[in-house]
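The structure follows.
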Amino acid sequence: MKILQVSDVNKRFGGLQALNNVNLEIEEGAVHAIIGPNGAGKSTLLNCFVGRLVPDTGTVMFNGTSLLGIKPHEINQAGVSRVFQTPEIFEEMTLLENIMIPAFAHRDGSFRINAWASVAGDTEIREKAEHILEDVDLIEKKDVIAGSLSRGDKRRLEMAMCLVQDPKLLLLDEPTAGMSRADTNNTIDLLKKIGERRITKIVIEHDMHVVFSLAHKISVLAQGTVIAEGLPDDIKGDPRVQEAYLGGAHL
């Protein structure tokens, strides 16, 4: 079953054609990687999925419903969550509070920080948040201020903030950027663990170790155009990919 279908999507910024007739089909439950050189249009494409940008032409269908013209929080409530290149967390709040806030926002449609005192005692949300922290191996740090975490743990926390919203589709924009190899491997293990939940994942990543460790299928963008798509072994040997992505070097 196709959970996301992207058809003939175009996006232009002035004289720059950022996306050029992009077509993608994402299988439910799969890990689909999107790779390509800097400036290929990868993040622009994700922004079209979450309502931050609207394509000039084309369609984006999620579970049979168009995402175009829908507000970002409505797309989130429909089951689409995103992990950004730089972890977006509440630095001055505890890990538990960081998890509870998106849980309330997903349930109620919005959340106001100044309303925190009236909802912080919500037992159901608290228990759900603690369960998610256990899943990402951060439960022992639940009362720690988030800003003190390592980059790897901040990324783990941000993923937990997405998971507590029960997403059907998780978008990961360079989830291991800036990490040590140990933190990268821990993130790979976490994403494999998340895979047991059957959450569909789209991963944008430059680290080929991450891509080939996780992806069931890979699409390659270059200058806003999908130039290749297939299984990881097929992509490794595709000369078009080697030329566009690594200047002719082998993946």
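The values are calculated or read from the model by the stated rules, or taken from the named source; none is laboratory data. Just so it is clear, the model here is predicted, and its values are computed rather than measured. FYI the Cβ positions are ideal-geometry reconstructions off the backbone, even for glycines, and counts take in every protein chain you see.
Could you go through segment 151-158 and let me know if any residue there is closer than 18 Å to D135 by Cβ, without any contact (Cβ under 8 Å) to a residue 24 or more places away in the chain and part of a helix (DSSP H, G or I).
yes
Within segment 188-200, can you find the residues that are crowded, with 16+ Cβ neighbours inside 10 Å and more than 18 Å from F84 (Cα to Cα)?
G195
Quick grid of which residues meet (1) surrounded by fewer than 21 Cβ atoms within 10 Å (Cβ to Cβ); (2) free of Cβ contacts under 8 Å to residues at least 24 places away in the same chain; (3) outside the structural domain of Q5 (by TED's automatic domain parsing):
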site: N186; (1), (2), (3): yes, no, yes
site: I202; (1), (2), (3): no, no, no
site: K217; (1), (2), (3): yes, no, no
site: Q223; (1), (2), (3): yes, no, no
site: A228; (1), (2), (3): yes, yes, no
site: D233; (1), (2), (3): yes, yes, no
site: G237; (1), (2), (3): yes, yes, no
site: Q242; (1), (2), (3): yes, yes, no
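Right, another one. What helices (runs of 4 or more DSSP H) lie completely within segment 48-141 and have 2 or more residues being modelled with pLDDT of 90 or more and loosely packed, with under 15 Cβ neighbours inside 10 Å? So that I can check it myself, show each step before the final result.
Working: elements: 72-78, 95-108, 116-119, 123-135.
Hits in segment 48-141: 123-135.
Let me ask something else. When only residues in segment 142-161 that are surrounded by fewer than 15 Cβ atoms within 10 Å (Cβ to Cβ) and of a type in the set (G, A, S) count, which is nearest to E88 (Cα to Cα)? Full working, then the answer.
Restricting attention to segment 142-161, the residues satisfying the condition of being surrounded by fewer than 15 Cβ atoms within 10 Å (Cβ to Cβ) are 143, 147-148, 150.
Of the ones still in play, those that are also of a type in the set (G, A, S) are 147-148, 150.
Details: G147: 11, S148: 14, S150: 14 Å.
Only one residue tops the list, namely G147.
Follow-up. So, in segment 159-184, how many residues would count as being closer than 20 Å to I35 by Cα and in contact (Cβ under 8 Å) with a residue 12 or more places away in the chain?
Step one: of segment 159-184, the residues closer than 20 Å to I35 by Cα are 169-179, 181, 184.
Then keep just the ones that are in contact (Cβ under 8 Å) with a residue 12 or more places away in the chain; that gives 169-179, 184.
Qualifying residue count for the region: 12.
Separate question: Return yes or no: is S43 within 16 Å of the chain's Cα centre (by Cα), surrounded by 14 or more Cβ atoms within 10 Å (Cβ to Cβ), of a type in the set (G, A, S) and not in a strand (DSSP E or B)?
In short, yes.
Could you list, in sequence order, the residues of segment 1-43 that are at pLDDT 95 or above and among the hydroxyl-bearing types (S, T, Y)?
S7 - this is the single residue of segment 1-43 that is at pLDDT 95 or above and among the hydroxyl-bearing types (S, T, Y).
Scan (1) modelled with pLDDT of 90 or more; (2) touching a Lys or Arg at 6+ places or on another chain (Cβ under 8 Å) for the single condition N185 breaks and write down its number.
(2)
Would you please name the residue that is farthest from K201 (Cα to Cα), looking only at residues in segment 7-43 that are of a type in the set (D, E) and in contact (Cβ under 8 Å) with a residue 40 or more places away in the chain?
D8
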